[in-house]
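A.B. asks: My questions will all concern the structure given below.
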Amino acid sequence: MGFIAYLKTQFILHLLISFVFVVSGLIINFIQLCTLTLWPINKQLYRRVNCRLSYSLWSQLVMLLEWWSGTECTLFTEKETVDKFGKEHVIIILNHNFEIDFLCGWTICERFGVLGSSKVLAKHELLKVPLIGWTWYFLEIVFCKRKWEEDRDTVVQGLRNLVDYPECMWFLLYCEGTRFTEKKHQISMQVAESKGLPKLKYHLLPRTKGFTTTVQCLRGTASAVYDVTLNFRDKKNPSLLGILYGKKYQADMCVRRFPLEDIPENETECAAWLHRLYQEKDTLQEHYEKEGTFPGPQYKPPRRPWTLLNFFFWTVVLLSPLFNFAIGVFVSGSPLLIVGFMSFIGIENS
């Protein structure tokens, strides 16, 4: 293990990174609270400001994936599709098999300039989570309780509020509703059998209500649906902790673009289209399992420096007082202070 790799495993660095993320997040949330005064005056200005504030927080997590762990993301898609990235409102469908699949999605959002304006249909419980839920609230994220009778009006209204969004928006849907596990898969396939639907080998049965409603509400605003199938090479199952420890992964993402006008407007036909899509996603997963790669041309979007610069900014602002204190301890020449400080560092790093 090299010296840099060794440093990345040290708890004291993890503690400092977490400190920067949490404190900067609270500062950003406070600024977002202040921006509410802009809403009645200039709604679009409020949105643009909050896109930048959200970017300043989420890009710290993207920095960990791109620069700290060095994880690489390869796209398998047509050049015509890549040329449209970041230039249109779209609905994203992503499989939910991995702990960091959202982070890989954010990485692609960042590389095409839409990280700050990315949206998601999120669980209502997340609204109460500091930093994540609070930031999403100011970003007009659509929350749901997974009970359609209660969610219908809230989701429809939340989606309709986004039709005039001023930034290019990628709206993410996890149509499976939850992360894939073998137990959930068995239950899901029992439901598929009871409803006479084709069984899936690598996915859970998609929930169609959220998708059909999103398509209906954003039709005329979104230009297309991007179907994204994510896998990691060598059958790795990465985790957030692994990223924090600097482990490098190779992510492969197959992206297919479907113009929204090609998706049926009728709710029943739209739901059937989604089921067919997941059968195709299953076929793609089967191909990856056998070949270790997706079909089609490959493209590696380059990293941008902004995530790293943003993290350096917050690090300097928030850690300078701490470093000044440490220097002051040693400059004081007090053996008691120095021993106490070094003991604290040793305990935290043990």
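The values are calculated or read from the model by the stated rules, or taken from the named source; none is laboratory data. Since this is a predicted model, take the numbers as computed values, not measurements. Note that each Cβ is placed from the backbone with ideal geometry, even for glycine, and that neighbours are counted across all protein chains shown. Side chains included, ligands, DNA and RNA excluded: accessible areas come from the protein's heavy atoms. Shrake-Rupley method; radii C 1.70, N 1.55, O 1.52, S 1.80 Å.
A.B. asks: Put a dot 7 Å past each Cα toward the Cβ at ASP164 and VAL129; how far apart are the dots in nm?
C.D. replies: Those two pseudo-labels are separated by 3.2 nm.
A.B. asks: Provide the net charge surrounding GLN186, with neighbours chosen by a C-beta distance below 13 Å and charges set as Lys +1, Arg +1, Asp -1, Glu -1.
C.D. replies: Combined, the nearby Lys, Arg, Asp and Glu give +2.
A.B. asks: Using only alpha-carbon positions, what ratio does the radius of gyration of the chain give when scaled by 2.2 N^0.38 Å?
C.D. replies: Relative to the rule-of-thumb radius for its length, the chain sits at 1.09.
A.B. asks: Measuring with a 1.4 Å probe in the full set of protein chains, what accessible area per residue, in whole Å², belongs to segment 150-235?
C.D. replies: Counting only protein heavy atoms, the per-residue value for segment 150-235 is 47 Å².
A.B. asks: Indicate the gyration tensor shape class of segment 1-119 (rounded, prolate or oblate), computed on the Cα atoms with a ≥ b ≥ c the square roots of the eigenvalues: a/c under 1.5 is rounded; otherwise a/b larger than b/c is prolate and the rest oblate.
C.D. replies: oblate
A.B. asks: Something else about it: Helix-only estimate, please: 222 nm mean residue ellipticity of the chain, summing -39500 (n - 2.57) across DSSP H runs of length 4 or more and dividing by its residues, to the nearest 500.
C.D. replies: -17000 deg cm²/dmol
A.B. asks: Let me ask you something else. Enter the angle in degrees (range 0 to 90, nearest 10) between the Cα long axis of helix 11-35 and the first principal axis of the Cα atoms of the chain, meaning the one along which they spread out most.
C.D. replies: 70 degrees
A.B. asks: Then there is this: Using a 1.4 Å probe and ignoring any ligands, DNA or RNA, find the accessible area of GLU110 and quote it in Å² to the nearest 10.
C.D. replies: For GLU110, solvent-accessible area is about 0 Å².
A.B. asks: Continuing with the same structure: Give me the Kirkwood hydrodynamic radius of segment 78-204, using the inverse of the mean 1/r over all pairs of distinct Cα atoms, in Å to one decimal.
C.D. replies: 16.3 Å
A.B. asks: Which residue, chosen from ALA222, PRO302, GLN157, occupies the Cα position most advanced towards the positive end of the dipole of the chain, where the dipole is computed from +1 (Lys, Arg) and -1 (Asp, Glu) charges on Cβ about the Cα centre?
C.D. replies: Farthest towards the positive pole: PRO302.
A.B. asks: Here's another thing I want to ask about it. What's the carbon and sulfur percent of the chain's accessible surface, probe 1.4 angstrom, rounded to a whole number?
C.D. replies: Of all accessible area on the chain, carbon and sulfur atoms account for 62 percent.
A.B. asks: Explain nothing, just the number: dipole magnitude of segment 1-132 about its Cα centre with +1 on each Lys and Arg Cβ and -1 on each Asp and Glu Cβ, in debye rounded to the nearest 20.
C.D. replies: Dipole size: approximately 540 debye.
A.B. asks: Mind checking the per residue accessible area of segment 1-121 for me, 1.4 Å probe, whole number of Å²?
C.D. replies: 40 Å²
A.B. asks: List residues of segment 217-243, by number, whose backbone nitrogen lies under 16 Å from a label position 7 Å along Cα→C-beta of LEU26.
C.D. replies: Those under the cut-off are none; the list is empty.
A.B. asks: So what is the relative contact order of the chain, in percent, for Cα pairs below 8 Å that sit 6 or more residues apart?
C.D. replies: 27 percent
A.B. asks: Here is a follow-up. May I ask you to give the average projected area over all directions of the convex hull of the Cα atoms of segment 210-259, in nm² rounded to one decimal?
C.D. replies: Quarter of the Cα hull surface area: 5.2 nm².
A.B. asks: Decide, for segment 256-308, between rounded, prolate and oblate: order the square roots of the alpha carbon gyration tensor eigenvalues as a ≥ b ≥ c, take rounded if a/c falls under 1.5, and otherwise choose prolate if a/b is larger than b/c, else oblate.
C.D. replies: Oblate, because a/c is 1.5 or more while a/b does not exceed b/c.
A.B. asks: Oh, and also: Not counting ligands, DNA or RNA, and with a 1.4 Å probe, what is LYS43's accessible surface area in Å² rounded to the nearest 10?
C.D. replies: About 70 Å², rounded to the nearest 10.
A.B. asks: Could I ask something else about it? Mind putting a number on the dipole of the chain about its Cα centre? Charges go on the C-beta only, +1 for Lys and Arg and -1 for Asp and Glu, and I need it in Debye to the nearest 20.
C.D. replies: Rounded to the nearest 20 debye, it is 420 debye.
A.B. asks: With every protein chain left in place, what is the accessible area of ARG152 in Å² (1.4 Å probe, nearest 10)?
C.D. replies: The accessible area comes out at roughly 110 Å².
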